[in-house]
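Please treat every number below as a calculation from the coordinates, not as lab data. Nothing here was measured: the structure is a model prediction, and the numbers come from that model. Neighbour counts are summed over all protein chains in view; Cβ atoms, including those assigned to glycine, are modelled from backbone coordinates with ideal geometry.
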Amino acid sequence: MSDQQSLFEKLGGEAAVNAAVDIFYRKVLSDDRISSFFEGVDMDKQAAKQKAFLTMAFGGPHNYSGLDMRLGHAHLVERGLNDSHVDAVIEDLAATLRELNVGEDLIAQVAAIAESTRNDVLGR
Amino acid sequence: MVNIRYAKDNFELGENQSVLDCLTSRGVPVPFSCRSGACQTCLMRATGGTPPENSQQGLKDSLKLQNYFLPCVCHPTADLEVALPDDDDVQAVIPATVKSLKLLNPEIMHVVLECHVPIDYRAGQFINLFQDQSLGRSYSLASVPHEDEHLHLHVRRLPQGRVSGWIHEELRPGETVEIRGPGGDCFYIPGNAEQGLVLIGTGSGLAPLYGILRDALSQDHTGPIHLFHGSRDLNGLYLTGELHDLVEQYSNFNYVPCLSGKDVPHGYASGRADDVAFQQIPNLKNWRMFLCGHPDMVKIAKKKAFMAGASMKDIYVDAFNVSQSA
């Protein structure tokens, strides 16, 4: 039966996203490699965006298109957003899931979904 | 058939259509992004009717109580009248009589207003007070509904402040002013009565906190409540007697007056209110935070509180931005 569960269900659905979002956002804010991109932003709006990102990366329901990703990050690409920053985000994401005792196989699947947005996020 | 009313237009909601799709397809400029109820970009408010519960999922409790919802996941079964958060003409102007004016300290005036029409508000929300039709300012409510008969404001006299100058120097008891409101989502929500509350305020940021803390106490909040009120010197603190009385009366309430200047007498904490608070309560996991006053303090304290373990949904703020056209 468990094979038929989606990744989102295996991770625990929306409750898992809620459990992860504060932890993930704290990691991102304290990560010197990327924290400067988050300076001066409205924290409530940013937390909601992080939640939307996590929902997508967890395989949950979303309607983000590649174009949305490009438009949403274009201003950051202008400020120098590059591969190293995407690496940092994916590392922080994996560390968040480890903290929540998620198995490595599921973490790899989440990382793969996040990875699939890399070119759109970087506007390539 | 369900109708969505926006501004003066009525739109028929299509079958399986979300309120967001209904509005944007008719040209209403609702911003949106994820279209799945997560990013909250499309946040709207129901001004008539009740939004379905699942369209409020993930919103801060204080927003839910004010009928905010996410139109992208909203499929109502009854008519809904909606507005964007920035549509500020949704509230009528209400006349109010000035009942009393009294200085709380050299620069803060206690203003008591009697509304001609009762308004439904929560302690800590703000109203807009108008000097004339085009000139108004936001002031937080220090009064508590059911506890206080009238609205209480703490108005700080700003250098060159047009409205605050008018209130301090020209306004007299008995005169009628116009107000609009309430607004804002920085207030106490009953429930989780054992949760610890940390209230940090600078200057007249005490106004919403004084309301919030008395609201919490009157609703039998049992968890610890710590109030840190900061100013540079003794002149800037106020209501100290009333707050010390509350400490006597409620064993779960703690009041810490903080002075950031050089001269700190016994009985006062030395340092900025936010620094003192984070020193005394370094781990804020599971605490509910209320941060009010100077915008820089609020911004810094919000991030610090979050990094110290407070959950984003448990941090309520009221930043006193000074109008550029002061």
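For every residue, the table says whether it meets (1) more than 9 Å from chain B (Cβ to nearest Cβ); (2) in a loop (DSSP other than H, G, I, E, B).
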| position | (1), (2) |
| --- | --- |
| A:Asn18 | no, no |
| A:Asp31 | yes, yes |
| A:Thr55 | no, no |
| A:Tyr64 | no, yes |
| A:Glu91 | yes, no |
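In the stretch A:47-63, is there at least one residue being hydroxyl-bearing (Ser, Thr, Tyr) and more than 15 Å from the chain's Cα centre (by Cα)? No, the stretch A:47-63 contains no residue that is hydroxyl-bearing (Ser, Thr, Tyr) and more than 15 Å from the chain's Cα centre (by Cα). Total residues in the stretch B:56-82 satisfying the condition of being within 14 Å of chain A (Cβ to nearest Cβ) and hydroxyl-bearing (Ser, Thr, Tyr): the figure is 2. Scanning the stretch A:1-16 for residues that are in a helix (DSSP H, G or I) and not basic (Lys, Arg) turns up A:Ser2, A:Asp3, A:Gln4, A:Leu7, A:Phe8, A:Glu9, A:Leu11, A:Gly13, A:Glu14, A:Ala15, A:Ala16. If you go through the stretch B:248-260 and keep only what is out of contact with any Lys or Arg (no Cβ under 8 Å at 6 or more places or on another chain) and surrounded by 13 or more Cβ atoms within 10 Å (Cβ to Cβ), you end up with B:Tyr250, B:Asn252, B:Phe253, B:Asn254, B:Tyr255, B:Val256, B:Pro257. Within the stretch B:169-218, track down each residue that is among the small types (Gly, Ala, Ser) and part of a strand (DSSP E or B). Once the filter is applied, which keeps residues that are among the small types (Gly, Ala, Ser) and part of a strand (DSSP E or B), the stretch B:169-218 yields B:Gly181, B:Gly183, B:Gly201. Within the stretch B:140-155, residues that are closer than 15 Å to B:Phe290 by Cβ sit with their Cβ atoms under 7 Å from residues that are of a type in the set (S, T, N, Q), at 6+ positions apart or across chains, in these pairs: B:Leu141/B:Gln125; B:Val144/B:Ser218. Within the stretch B:306-326, if we keep just the residues that are within 14 Å of chain A (Cβ to nearest Cβ) and more than 18 Å from the chain's Cα centre (by Cα), the residue that is nearest to A:Met43 (Cα to Cα) turns out to be B:Phe306. Determine, yes or no, whether B:Leu80 is more than 22 Å from A:Asn18 (Cα to Cα), among the hydrophobic types (A, V, I, L, M, F, W, C), crowded, with 17+ Cβ neighbours inside 10 Å and touching a strand residue (DSSP E or B) at 6+ places or on another chain (Cβ under 8 Å). Yes.
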